[in-house]
1. Once you have the Cα-Cα distance between Met1 and Ala282, take 0.36 nm times their residue separation minus that, and quote the gain in nm to one decimal.
2. Name the long-range amide H neighbours of Glu81: under 5 Å, sequence gap of 5 or more, or other chain; modelled H, no Pro or chain starts.
3. Each label point is 7 Å from the Cα along the Cα-to-Cβ direction; what then is the distance between the points at Ala392 and Leu151, in nm?
4. For segment 415-448, list residues with backbone N below 18 Å from a point placed 7 Å from the Cα of Gln237 toward its Cβ?
5. How far apart, in nanometres, would the label points at Val161 and Ala22 be if each is projected 7 angstrom from Cα along the Cα-to-Cβ direction?
6. Tell me the mean residue ellipticity at 222 nm calculated for the chain from its helices only (DSSP H runs of n ≥ 4, each -39500 (n - 2.57), averaged over every residue, nearest 500).
7. One-quarter of the Cα convex hull surface for segment 8-53, in nm²?
8. Counting only protein heavy atoms, what percent of the accessible surface of the chain is carbon or sulfur at a 1.4 Å probe?
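The values are calculated or read from the model by the stated rules, or taken from the named source; none is laboratory data. Keep in mind that this is a model prediction, so the values were computed, not measured. Here the Cβ positions follow ideal geometry from the backbone for every residue, glycine too, while neighbour counts run over all protein chains shown. In case anyone asks, the SASA skips ligands and DNA or RNA and just uses the protein heavy atoms, side chains included. Shrake-Rupley method; radii C 1.70, N 1.55, O 1.52, S 1.80 Å.
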Amino acid sequence: MKLSSKIHLYSSVLFASLLLAANITVYFVFYSLTIEQELHALAAETEQAAEAIRASNNPLATEELLRAYVPVSGMIRLTQEKAGGRAGLLVTTSSETALSEQPSAYSPQRIVEKVQIGQRDYGYASIPIIAADGAVANVQITKSMDELTSLLAMLRLVLIVVSIAVIIIVLLSSGLLGRLIMRPIGAMTRTMKEIARSGKFVRLEQHAKSKDELVQMGETFNEMIGLLENSFHKQEQFVSNASHELKTPLTIIESYARLLQRRGLERPELFEESVEAIRSEAVRMKGMTEQLLLLATPNRHQEHERNVIELQPEVEQAAAGFRRAYKRDIYVQASAEPVHAYTNADQLKQLLFILLDNARKYSQDRIDIELERDSHHSLIRIKDRGIGIPAAELPHVFERFYRVDPSRSRDQDSEGGTGLGLSLAQEISRAIGAEIVLTSEEGKGTTATLLLPLPQQE
Ligand code: ADP
C-alpha cells in the first residue's frame with residue numbers, strides 16, 4: 001500500500017472512530033439524563049396529585065381533582081386496593097383515551113419507571129395513599145414521552161448528519177495531507193530514478209518558501225547530489241589525467257621501439273639512445289603507477305595508528321638511503337634535545353621519501369634536513385639549493401599531475417616527474433594530522449617543512 005494511502009486510511013479510520021465514540025457517548029448521556037429528569041418531574045406531579053387527594057375531605061370531589069392533575073398527554077387514575085387492583089376513577093386526555101384499556105394493579109410500593117405501551121414510551125408513576133375516608137389506593141399517572149422521544153430522535157439525526165459531514169471532510173483533508181507529504185518524496189524518487197536512468201546529476205526543484213522538514217530534506221538531497229557530482233567529476237578528471245599522463249611515456253617507448261626495429265641494426269649509435277629513453281620512460285611509468293595506486297587505495301583516508309616517535313633516527317635512516325642510492329650530500333641537523341612527534345612511522349617515512357626525492361630531483365647541491373620543535377609542532381625542514389619554484393606556481397604544486405614546466409624537470413632528472421608526489425604527500429599528511437608548508441625562491445632553492453603533532457601527553 002502506498003504511504004499516502006496509509007496516511008489517508010489510518011488518519012480517517014482513527015478520526016471516524018473517535019468521532020463516533022464521542023457522539024454515541026453524548027447521545028446516551030443526554031438520553032439517560034433527560035429520561036431521568038422526565039421521570040423525576042412525573043414523580044413530583046404524581047406526588048402533588050396524591051397530596052391533594054389525601055387532603056381532600058370530599059370523596060365526590062376526587063374526580064375533579066383527578067381532572068385537575070391529568071397530564072397534558074396521558075392518564076391519571078385512582079386504583080383501589082379493595083377493588084382487587086381495578087381502577088376506580090380514571091381520567092385521560094383526549095389524545096390518550098386508549099390508555100384506559102390498560103390493566104391496572106395496586107402496588108403498596110412507590111413506582112416510578114419508563115414503560116412501553118404499543119410502540120410508544122410512557123412515564124409511569126404509582127404512589128400509595130390513604131384517602132380521607134380511610135380507603136387505601138394508588139394515584140397512578142401514565143404520561144406520554146412523545147415529546148422527549150422526538151427530541152432524542154432529532155438529536156440522533158443531528159449527530160448522524162454532523163458525523164457524516166465531518167467524516168467526509170476528514171476523508172478529503174487526510175487525502176490532501178497524504179498528498180502534501182508525499183509530493184516532495186515522490187519528486188525525490190522521480191529525481192533519483194532520472195539520475196539512475198540518465199546518469200546525470202539532476203537536482204530537485206525547490207519552490208517552497210517555507211523551511212519545513214520536507215524542504216530541508218530536499219535541500220539536503222540537492223547538497224548530497226552536489227557532493228556526488230563534484231567527486232564524480234574529480235574522479236573522471238583523475239582517470240582522464242592518469243590515462244593522458246600514461247599515454248606520453250607509452251608513445252615515447254613505442255616510437256623508440258619502432259626506431260630500433262627500422263634502423264637499430266644499421267645504426268648502432270641509435271641503440272644506446274633508444275634503450276636509455278625506453279628505460280627511463282619505463283621507470284617513470286613505474287613510479288607513476290605506484291603513486292596512482294597509492295592515491296586510489298580505498299582505505300588511504302582511514303586513520304592510521306599513531307605513536308610517539310623520536311624523529312632523528314627516522315630522518316637519519318631516510319637520508320642514509322638517499323645518500324647511498326643517489327650519491328648526494330645530505331646533512332641532518334638536530335637540536336640537542338631529542339625531538340618527538342605523535343605520528344605513524346610508515347606514513348612519515350613515505351612523506352620524507354617524497355620530499356627528499358623532490359629536493360634531490362630539482363637540485364644538485366647539498367640537501368639539509370633540520371629537526372626542531374616549536375610550541376605547537378615538531379618540525380622537519382628539508383632544504384635544497386636547486387631551481388626553486390616560481391611564486392605563481394607555488395599554489396598549484398599540490399594539485400594532481402601538476403608539474404612546473406615539465407621540460408625543466410626532465411633536464412634535471414632523466415626519470416622525469418609525475419606531478420603526483422606532492423598531492424600524495426598532502427593526502428598522507430592530512431591522514432596523520434600533519435601539514436606541509438613549501439617556501440621557495442626561483443633559482444635559489446626550496447624548503448619543504450613538515451609540521452607534525454606533538455606527543456599528546458605533553
Ligand atoms: P613531480 O613528480 O613532478 O616531482 P610533485 O607533485 O612532487 O611532482 O611536484 C610538483 C611540481 O612541483 C614538480 O613538477 C616541480 O616542478 C615542483 N617541485 C616540487 N618540489 C620541488 C623542489 N624541491 N624544487 C623545485 N621544484 C619542486
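1. Result: 94.9 nm gained on full extension.
2. Val136, Ala137, Asn138
3. 10.0 nm
4. Hits in segment 415-448 for Gln237 at 18 Å: 419-427.
5. Inter-label distance under the simple model: 1.9 nm.
6. -19000 deg cm²/dmol
7. 2.6 nm²
8. 58 percent
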